[in-house]
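Each remark here refers to the structure printed beneath this line.
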Amino acid sequence: MTPDQVSGLFAAGEAFVEGTIAAALVVLWLLALALHIARPYMVANLRKFTLRLGADLWWIIYVGLRDVLLLQVFLGSFIFFYPDVVKAKDLPITGGLAAVAAFAVLVIKLTTRGDADLRWYRIQSLLLGLGATLYIAPYLLGVQVNQLGNSSASTLASILDSSLNTTWSLPLCYVSAGLVGLLGLYAVAYNLRQTTVRRPVRGQAQ
C-alpha cells in the first residue's frame, strides 16, 4: 500500500469511530437519564424482596449500571474537547456543554450525599436533563438533517452542526474543556482534603 492509501485508511477508520461514538451517545444519554429518574421505582421495588440478599443485589446492580452509563457518556464525550475533531466532523455544537453537565453530576456524586439528599438529587436530574437536551436536540436537528441533505432545513443544520459553524463550535470546545478542568480540580482538591480529615475512632468517647 502507498503512503496515501495508508493515511486514507486511517482517516476513514477515525471518521467511522468518531461517527459511531456520536451516534451511540444519543442512546447512552437517554439510558443515563432514564435510569436516574427511575430511582423512586427501584426503591419501591426493594420492598418486594423477601430476602435481604436479593434486595442488595437489585440495588447494587441498579446503582452500578446507572453510574457506569453516566461515566461512559462522559468518556465518549471526550471527542468534543479536541478542536480538530470538532472542526472537521459533523457533531452537535453543544456536545461539549453536555459533557460538562455529565461530569458535574459525577462530581456531585463524589462530593455530596448525592441521591440521599433530595436537593442534590433534583440538581442532578436537572443537569442530566439539560445535558441530554444539549446533545440530542442539535444531533437530530443539525447533524442528521445535514446528512439527509434537506435544503429546507439547511439553515438550522448550519447552526447546530459543529463543522458548519466553527465560529461558535470552537469557542464552545475551549469553554467546555476549561469547565471540565475546573470541576476536575475541585474534585481533586476535595479528595486531598478528605485525606486530612480526622475521623473519630469507633468506640472513642465523644
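Any idea which of T94, T166, T111 is within 21 Å of Y62 (Cα to Cα), β-branched (V, I, T), touching a residue at least 60 places away in the same chain (Cβ under 8 Å) and surrounded by 15 or more Cβ atoms within 10 Å (Cβ to Cβ)?
T111
crowded, with 16+ Cβ neighbours inside 10 Å and within 19 Å of V73 (Cβ to Cβ): does that describe L127?
yes
Taking the range 47-91 as the region of interest, how many residues are surrounded by 17 or more Cβ atoms within 10 Å (Cβ to Cβ) and basic (K, R)?
2
Name the residue, out of V105, V175, V143, that is on the phi < 0 side of the Ramachandran plot and in contact with a helix residue (DSSP H, G or I) (Cβ under 6 Å, 6 or more places away or on another chain). Full working, then the answer.
Values: V175 fails: in contact with a helix residue (DSSP H, G or I) (Cβ under 6 Å, 6 or more places away or on another chain); V143 fails: in contact with a helix residue (DSSP H, G or I) (Cβ under 6 Å, 6 or more places away or on another chain).
Only one candidate qualifies: V105.
Helices (runs of 4 or more DSSP H) wholly in the range 137-206 with at least 1 residues that are in contact with a His (Cβ under 8 Å, 6 or more places away or on another chain) and either modelled with pLDDT under 85 or under 15 Å from F81 (Cα atoms) (or both) - which ones?
none
Which of the residues that make up the range 42-90 are small (G, A, S) and at pLDDT 85 or above?
To start, the set of residues in the range 42-90 that are small (G, A, S) comprises 44, 54-55, 64, 76-77, 88.
Matches in the range 42-90: G64, G76, S77, A88.
For the range 129-138, does any single residue satisfy the condition of being in contact with a Cys (Cβ under 9 Å, 6 or more places away or on another chain) and either farther than 19 Å from V180 by Cα or basic (K, R) (or both)? Don't jump to the end; show me each part of the working.
Keep residues of the range 129-138 that are in contact with a Cys (Cβ under 9 Å, 6 or more places away or on another chain), which gives none.
No, the range 129-138 contains no residue that is in contact with a Cys (Cβ under 9 Å, 6 or more places away or on another chain) and either farther than 19 Å from V180 by Cα or basic (K, R) (or both).
Whether any residue in the range 105-121 is more than 24 Å from Q194 (Cα to Cα) and part of a helix (DSSP H, G or I) is what I want to check.
No, every residue in the range 105-121 fails to be more than 24 Å from Q194 (Cα to Cα) and part of a helix (DSSP H, G or I).
The values are calculated or read from the model by the stated rules, or taken from the named source; none is laboratory data. Values in this document were obtained by computation on a predicted structure and should not be read as measured data. We place every Cβ from the backbone using ideal geometry, glycine too, and count neighbours over all the protein chains shown.
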